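A short worksheet on the structure shown next.
The values are calculated or read from the model by the stated rules, or taken from the named source; none is laboratory data. Predicted, not measured: the structure shown is a model, and the values here were computed from it. Please note: Cβ atoms are built from the backbone with ideal geometry, for glycine as well, and neighbour counts cover all protein chains shown. With ligands, DNA and RNA removed, areas are computed over all heavy atoms of the protein, side chains included. Shrake-Rupley method; radii C 1.70, N 1.55, O 1.52, S 1.80 Å.
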Amino acid sequence: MNDLSRAPVRETLAPFAIIEDVRPRIDDGRFAVKRVVGEEIEVSADGFAHGHERVACELRYRGPGDTSWRAVEMESLGNDRWRARFAVDRLGTWQYGVACWVDHLSAWRDAFLRRTDPADLRMHARMGAELVDACAANAQGAAREDLARWARALREEDDPARLHEIAMEPSRLELARRHAPRAGATQSAIFPAWVDRERARFSSWYECFPRSMSPQPGRHGTLADVEAGLGRIAAMGFDVLYLPPIHPIGRTKRKGRNNSPSSEAGDVGSPWGIGAREGGHTAIHPELGTHEDFRRLAAAARERGMEIALDIALQVTPDHPWVTQHPDWFRRRPDGSVQFAENPPKKYEDIYPIDFETRDWRSLWQTLREVFEFWIGEGVEVFRVDNPHTKPFAFWEWLIAGIHREHPRVIFLAEAFTRPRVMHRLAKLGFTQSYTYFTWRSTRQELTEYFTELAHDPSREYFRPNCWPNTPDILPRQLRDAPIEAFAVRLVLAALLAANYGIYGPAFELGENRPRDDVSEEYLASEKYEIKRWDLDRPRSLAPLIAKVNAIRKAHPALQSDWSLAFHGTDNDQLMCWSKRAGDDAILVVANLDPRHVQSGWIDVDLRALGLSDYGAWTVEDLLTGERYPWWGSRNFVMLDPRRGPAHVFAVTPGHP
């Protein structure tokens, strides 16, 4: 590396060098690529000049708070393509760009090597001395003196053989190149990179409704009950506990059980119906507890290596204080009443959407930002944002940038099951993680195509998937009336295909599979509208399997990122095979997509993806069962009985013990 102040980007000459196609970049630098602390950013670019001129390229970068740039020389990949990388070691916004200039020293050296006539050789040595003099003028101290001695030797030596030795001294050539004038230099645009903490790349989420956490039948659950249950959730290996909204729930037009448009006495309503006389988005439902209870819960979670993710839903009930305090924040119908939410013919009279086009938008935006800042002050650094795609992109870009300037550790998960371009725009403008279409992908072809896109499409530079097999809103078709084995295989797929995943907790671990009707994805007796009593000690609970899978994830770096994902062939469409690798840590998974029948077949493994030679012995250890198998070559046989387990999760080692 060298200090850029020694060699200005642009001298008196016009820029001769050309830089094109710098990667990675998002919309020509409009948005930032994403990394986490400790990762590298590999940058490549085309760099060239006219005719036969040689060029050199340099990657330049600086981190948050840096006033000067650092640089690293780029290596040639051939065909005018160049590459270098740098590591990011702290949170915040980084910047990088590429410089390219005519490399007269390298061109001189190459030409010198081809000369044989002694007189011509001496003349060319003196030409090199002039180039070295120009380099010495940019240097100081010992470097300047060393370069000056080299220039004198090139001028004074007569012996051709000795001239070759002097001219080709690699250490002096490298010293000269570091101080060479950057004649005809060009600087690319500067591109941003946002660097998060590690949990942005690798996390395991567990969602539960606090009001259903009471161990006593007939009593509304509390935040203290959630705290008492942290040990069980932590034992399953989760590091993020996600809570639906914990605010007061409106009474006007409150929804009844099974999403009934009218409620009865004792109906508790939906947590997403936010706002009552007790308060709004910064208040806590009185039956859940107090802010002190919440702070204690957050602290207890941190002690167990977990943190609380809070749901932020920017909508209100007719009872929310904002309705009377800020009437201009809501649209009016011709009869003067507030416009409620609707998707004709459906009406949601218990919800008032916020009007982001209000003339009072500045006050509105600031108040909404203060909601996030309030909960950050209460110890929350992870937010799951409900339906962000129904709010303006400009609002989210402004809000997330503002929050990140003051609180770079904050993670935002976008709950947006919508059109791809909308989901990707939200990710570009700052959402840390994004929900995905995994919930509806079930066949081998669907899963392979989709996860290949997530892991290897250029959009991976900004779109971080967080995969959920179910949510309180979604009982997907593959889990409707399905056996517990179907939940087991969806767990393996979510947790081992993606580095970030989550489950809608008790409903998933207990195999809740009853749909409300034949067409919707709603659960029968949905927890969104009533308090549930979960039998967490049920014998066929998936809790032991979940704990084992999460332990495997935490023990193996290969499973803690997405980009190494590789798929391998099988001769049975019901068997799906993939691998991930980080250095010497290689994991190979074979899953049975059929939860009801034994499936068997041959798998064809790309051994290079596992770091193995094309032929020879290797050993696999099933991390779910502890069984070990000696394998040979790339083609091996597997058989999976869903009653015994949904998959083989193999740790791979070369050779046989």
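The table that follows gives values for the structure above.
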quantity	calculated
Every pair of residues 6+ apart whose Cβ atoms lie under 8 Å, when the first sits in region 416-434 and is in contact (Cβ under 8 Å) with a residue 40 or more places away in the chain and within 14 Å of residue 194 (Cβ to Cβ) while the second is surrounded by fewer than 18 Cβ atoms within 10 Å (Cβ to Cβ) and acidic (Asp, Glu)	428/27; 429/397; 430/397
Residue pairs meeting the criteria (Cβ under 6 Å; at least 6 apart or on separate chains; first within 22 Å of residue 321 (Cα to Cα), in region 282-300; second of a type in the set (Asp, Glu) and open to solvent by 30 Å² or more (accessible area, probe 1.4 Å))	286/278
Hits in region 27-36 - residues which are within 13 Å of residue 458 (Cβ to Cβ) and crowded, with 20+ Cβ neighbours inside 10 Å	31, 33, 34
Test: residue 529 is among the aromatic types (Phe, Trp, Tyr), under 28 Å from residue 412 (Cα atoms) and open to solvent by 10 Å² or more (accessible area, probe 1.4 Å)	yes
Yes/no for residue 182 being surrounded by 18 or more Cβ atoms within 10 Å (Cβ to Cβ), under 48 Å from the mean Cα position of the chain (by Cα) and charged (D, E, K, R)	yes
Which listed residue is of a type in the set (Lys, Arg) and more than 30 Å from the chain's Cα centre (by Cα), from 369, 295, 331, 302	331
Selection from region 185-208 of residues that are crowded, with 18+ Cβ neighbours inside 10 Å and assigned to a helix (DSSP H, G or I)	199, 200
Scan of region 277-300 for residues that are open to solvent by less than 20 Å² (accessible area, probe 1.4 Å) and in contact with a Gly (Cβ under 9 Å, 6 or more places away or on another chain), ordered by number	281, 283, 288, 294, 297, 298
Flag for residue 169 being over 30 Å from residue 34 (Cβ atoms) and not hydrophobic (A, V, I, L, M, F, W, C)	yes
Verdict on residue 211 being of a type outside the set (S, T, N, Q), open to solvent by less than 30 Å² (accessible area, probe 1.4 Å) and out of contact with any helix residue (DSSP H, G or I) (no Cβ under 6 Å at 6 or more places or on another chain)	yes
Residue within region 206-226 that is of a type in the set (A, V, I, L, M, F, W, C), at pLDDT 95 or above and touching a Cys at 6+ places or on another chain (Cβ under 9 Å) present	yes
Unique match (being of a type in the set (Phe, Trp, Tyr) and open to solvent by 30 Å² or more (accessible area, probe 1.4 Å)) among 69, 101, 94, 108	69
Matching entry among 584, 571, 606, 614 (being more than 26 Å from residue 454 (Cα to Cα) and surrounded by fewer than 16 Cβ atoms within 10 Å (Cβ to Cβ))	614
Checking residue 501 against (1) touching a strand residue (DSSP E or B) at 6+ places or on another chain (Cβ under 8 Å); (2) closer than 25 Å to residue 255 by Cβ; (3) among the hydroxyl-bearing types (Ser, Thr, Tyr), the condition it does not meet	(2)
Any chance residue 517 is open to solvent by 40 Å² or more (accessible area, probe 1.4 Å), charged (D, E, K, R) and over 24 Å from residue 311 (Cβ atoms)	yes
Some residue of region 161-176 being of a type in the set (A, V, I, L, M), touching a Gly at 6+ places or on another chain (Cβ under 8 Å) and assigned to a loop (DSSP other than H, G, I, E, B)	no
Residue pairs meeting the criteria (Cβ under 6 Å; at least 6 apart or on separate chains; first within 29 Å of residue 184 (Cβ to Cβ), in region 25-53; second open to solvent by 70 Å² or more (accessible area, probe 1.4 Å) and outside any strand (DSSP E or B))	46/80; 48/80; 49/16
Single unsatisfied condition, residue 326 versus (1) without any contact (Cβ under 8 Å) to a residue 60 or more places away in the chain; (2) open to solvent by less than 30 Å² (accessible area, probe 1.4 Å)	(2)
Residue tally, condition in contact (Cβ under 8 Å) with a residue 60 or more places away in the chain and open to solvent by 70 Å² or more (accessible area, probe 1.4 Å), over region 12-22	2
